[in-house]
Amino acid sequence: METTFSLQDLLTTIRKHWFLVLCCTVIASAAAAITSYYLLTPIYPAETQILVNQKSSSNIEQYQWAQNNETDLRLINTYNVIIKSPVILSKVIEKLELDKTSESLAGQITVSSANNSQVVNIVVMDKQASQAVKISNTLADVFKKEIPILMNVDNIEILSVAKLIDNPKPVKPNKLLNIIGGTVGGLMVGIILAFLLEFLDTRFKSEHEIEGILNLSIIGLVGAIALEKETNKPMKSRRVRRN
């Protein structure tokens, strides 16, 4: 036997178990809010931009940057890898006296560059806004000093440095997005539980359900009959006195 549900049946099920759906929604929303505001550690960003200035390179003929844009992009991609390499990060850790490894510090750094652009963006994430600014600027300085030694070129200029602003805003966690996600998730869980309760309840609730399942027409109904329980009272024994 196949069971089909219409939109009306779905709305009826939700209406019937509205309190369960509401409780799941409120609990999930509250849990997301508490987690976002009190449990998750805020993460602050700091960004530094460096410019790959091909005109200042002494080996411009060797790399043929003025004639081949593809070579420019490959060189910038190479710089992106070098910035997060242990050779650079170990010097940053030593200079700032950080209690980190090169691998853990690399996980806080994002290096990117737009297509056909000579500008490289260095974004550092940290639990402290001031620390993120220090790491970002120090990383750019160390990279600028080390790149002539590593690649025998001197074509890096710091375009902009990271600055510590008043009342910095964290990028993580996104509190509003987390609360919305928790609310939607709780609502979905409540609806799913409501349907599970409806599926597990195999009792017939109306004559229409019997007609739909058995495919038979109902020709009559039997009303509820009140049954009185018969109580058997014990017979009291009588004593017969003889004179």
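The values are calculated or read from the model by the stated rules, or taken from the named source; none is laboratory data. Quantities reported herein were computed from a predicted structural model and do not represent experimental measurements. Cβ atoms come from the backbone with ideal geometry, glycine included; neighbour counts cover every protein chain shown. Heads up: the accessible areas ignore ligands, DNA and RNA and are worked out on the full protein's heavy atoms, side chains in. Shrake-Rupley method; radii C 1.70, N 1.55, O 1.52, S 1.80 Å.
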Inset, instruction - Return the pairs, sorted by first residue and then second, in which the second residue is part of a helix (DSSP H, G or I) and among the aromatic types (F, W, Y), the first residue lies in region 88-116 and is within 19 Å of N137 (Cβ to Cβ), the beta carbons are less than 7 Å apart, and the residues are 6+ apart or on different chains. - result: I88/F143
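For V87, indicate whether it is more than 21 Å from L159 (Cβ to Cβ), β-branched (V, I, T) and surrounded by fewer than 18 Cβ atoms within 10 Å (Cβ to Cβ).
Against the criterion (more than 21 Å from L159 (Cβ to Cβ), β-branched (V, I, T) and surrounded by fewer than 18 Cβ atoms within 10 Å (Cβ to Cβ)), V87 qualifies.
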Inset, instruction - Only residues that are under 26 Å from the mean Cα position of the chain (by Cα) and closer than 18 Å to I93 by Cβ: list them for region 136-167, please. - result: S136
Inset, instruction - Restrict the check to region 186-204 and report whether at least one residue is exposed (fewer than 15 other Cβ atoms within 10 Å of the Cβ), at pLDDT below 65 and more than 30 Å from L39 (Cβ to Cβ). - result: yes
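Would you say E157 is modelled with pLDDT of 85 or more and either basic (K, R) or surrounded by 10 or more Cβ atoms within 10 Å (Cβ to Cβ) (or both)?
Working: modelled with pLDDT of 85 or more: yes; either basic (K, R) or surrounded by 10 or more Cβ atoms within 10 Å (Cβ to Cβ) (or both): yes.
Against the criterion (modelled with pLDDT of 85 or more and either basic (K, R) or surrounded by 10 or more Cβ atoms within 10 Å (Cβ to Cβ) (or both)), E157 qualifies.
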Inset, instruction - Mind listing whichever residues of region 90-131 are among the hydroxyl-bearing types (S, T, Y) and over 26 Å from N155 (Cα atoms)? - result: T101, S104, S130
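Only residues that are under 13 Å from E146 (Cβ atoms) and either of a type in the set (S, T, Y) or open to solvent by 80 Å² or more (accessible area, probe 1.4 Å) (or both): list them for region 92-103, please. If you could, list the steps in order and put the result at the bottom.
Restricting attention to region 92-103, the residues satisfying the condition of being under 13 Å from E146 (Cβ atoms) are 92, 94-95.
Within region 92-103, E94, K95 qualify.
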Legend entry - Spans of helices (runs of 4 or more DSSP H) in region 84-192 with at least 3 residues of a type in the set (G, A, S): 102-106, 129-151
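Kindly evaluate Q118 against the criterion of being out of contact with any Ser or Thr (no Cβ under 9 Å at 6 or more places or on another chain) and within 30 Å of A32 (Cβ to Cβ). First the steps, then the outcome.
Numbers: out of contact with any Ser or Thr (no Cβ under 9 Å at 6 or more places or on another chain): yes; within 30 Å of A32 (Cβ to Cβ): no.
When the stated conditions are applied, Q118 does not pass them.
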